[in-house]
Structure formats: C-alpha cells, structure tokens
1. Does at least one position in the range 166-189 carry a residue that is over 13 Å from the mean Cα position of the chain (by Cα), polar (S, T, N, Q) and closer than 20 Å to V57 by Cα?
2. Taking the stated definitions as given, is F114 of a type in the set (F, W, Y) and within 17 Å of L66 (Cβ to Cβ)?
3. Taking I191 as the residue in question, decide whether it is closer than 19 Å to T90 by Cβ, of a type outside the set (F, W, Y) and surrounded by 14 or more Cβ atoms within 10 Å (Cβ to Cβ).
4. Residues L133, L166, L155, L138: which one is within 14 Å of L117 (Cβ to Cβ) and either without any contact (Cβ under 8 Å) to a residue 40 or more places away in the chain or of a type in the set (G, A, S) (or both)?
5. Please go through the range 109-155 and give me each residue that is among the polar types (S, T, N, Q), surrounded by fewer than 20 Cβ atoms within 10 Å (Cβ to Cβ) and either touching a Gly at 6+ places or on another chain (Cβ under 9 Å) or more than 24 Å from K81 (Cβ to Cβ) (or both), ordered by number.
6. With the range 95-199 as the region, which helices (runs of 4 or more DSSP H) entirely inside it contain at least 1 residues that are modelled with pLDDT of 95 or more, under 18 Å from G46 (Cα atoms) and acidic (D, E)?
7. Assess whether L105 counts as being in contact with a Lys or Arg (Cβ under 9 Å, 6 or more places away or on another chain) and aliphatic (A, V, I, L, M).
8. I'd like the full set of residues that are more than 22 Å from T104 (Cα to Cα) and touching a helix residue (DSSP H, G or I) at 6+ places or on another chain (Cβ under 9 Å), limited to the range 143-164.
Amino acid sequence: MRKVVFLATALIAILGTSGTAMWGVFAQKSSENRAMAAALAPALTGWMQNFTPADPVGPAPKLEVLKKDGTVLPLDQFRGKLVLVNFWATWCAPCIREMPSLATLQKKRGGKDFTVLAVSQDFREWTAVTPFLEKHKLEGLPIYVDRKSATGRKLKVIGLPTSVLLSREGKVLGQLKGIAEWDAPEALALIDYYRQLGQ
C-alpha cells in the first residue's frame, strides 16, 4: 500500500513538472510570436504616431450606416475586407483637411481586400452632406451617414476626426484619434501591414 501511494505521488510530481515545462514552452512560443509580429509591424511614426492598436483584438458590435438613398447598410456586408471607418462632419475643419488624403488612400489601396468608409456625424444627415460633397468633389471616396451617431457611440468615438480599423472578420484592430494624412508613406505602410496579415 505504501509503495502504491509513493508511486502515485511520484507520478503526480512528474506530471506536474512536465505540465509546467510544457506551459513554459507554449508561453515562450507565444511570446516569441508576439515579438516577431511587433518586429514586422511598421513603426508608428509621423501621421501614424497616434494610432493605437487594440489589445486584445476584439469583435466590433453590430454596426450600420445610412446610404444616400435612405437605406441602411450593415457593415457586415464588408466582411472579407479590411475597413478603415473614418468618422467626420461637415463642420469639422480637421476632418475637411483630412478627407482628400482618405480619397487618395481609397484610390491607391481600395479594392477587393480593403476599403475606406467615410461616415458623417452630421445631425442633418444627407441634407448637410450632399451639398458638402458637391462642393468638395471627393471622387471615389465611399461616404455614408451615421444616423443619430449610433455607430460612433458603439465604437466609443468621442471626438472628430476619428478613424477605426476593422479586420476582415469585423474585429477592431485599432483606432486613431485626430487628423492624419492617410496617403502618407507611414499610413500606407500601416494599411499594407494589416492587409498582408490576412486578418
């Protein structure tokens, strides 16, 4: 009986040690993977210095925007694409300055795996947005309206402009508060990094 108890105790000790060792291997591997990803990521400098990657990456809430024809467009329809959602308003001077660079980003990178969505926070919705677009002629930039700022609230947008990057699965990858030149080399590098990750 004493021998059985001794063997059982020894077995538990061995398994416990092995388990700890195995956990250590997995933890080290996970740490190495994170370090490798960080090494490959572009430096957050210049206009991207205010980009804050999500940690951890989490699912976005159910989001929708208003099209010009009055229909509601769920952002689920963009699944499969990396999406930069830019929140702006016609009365926001930094937003207006930023928008041509968003149009250029869309022209340079928009396609089957990436798109920009410029989402207006104007209270008067398309009544305010339509004449603004006619005046500024932002060719090729997908523009929508955020009815009652519902989508902005869900993504915790507290100031304009704010840009939120969503993965192909609709997860929040990160956020940039404030103005940025989205066609600058560092911005293109950031978008290309997330495109290549296949997230």
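1. no
2. It is false that F114 is of a type in the set (F, W, Y) and within 17 Å of L66 (Cβ to Cβ).
3. Here the answer is no, as I191 does not meet what is asked.
4. L138
5. Residues of the range 109-155 among the polar types (S, T, N, Q): 115, 120-121, 127, 130, 149, 151.
After this cut, where a residue has to be surrounded by fewer than 20 Cβ atoms within 10 Å (Cβ to Cβ) as well, the list is 115, 127, 130, 149.
Listed by number, the residues that qualify are T127, T130.
6. 185-197
7. No.
8. Residues of the range 143-164 that are more than 22 Å from T104 (Cα to Cα), as a first pass: 146-159.
Of everything in the range 143-164, those that are more than 22 Å from T104 (Cα to Cα) and touching a helix residue (DSSP H, G or I) at 6+ places or on another chain (Cβ under 9 Å) turn out to be D146, T151, V157, I158.
The values are calculated or read from the model by the stated rules, or taken from the named source; none is laboratory data. Because the structure is a prediction, the values reported are computed rather than measured. Quick reminder, even Gly has a Cβ in these numbers, built from the backbone with ideal geometry, and neighbours come from all protein chains shown.
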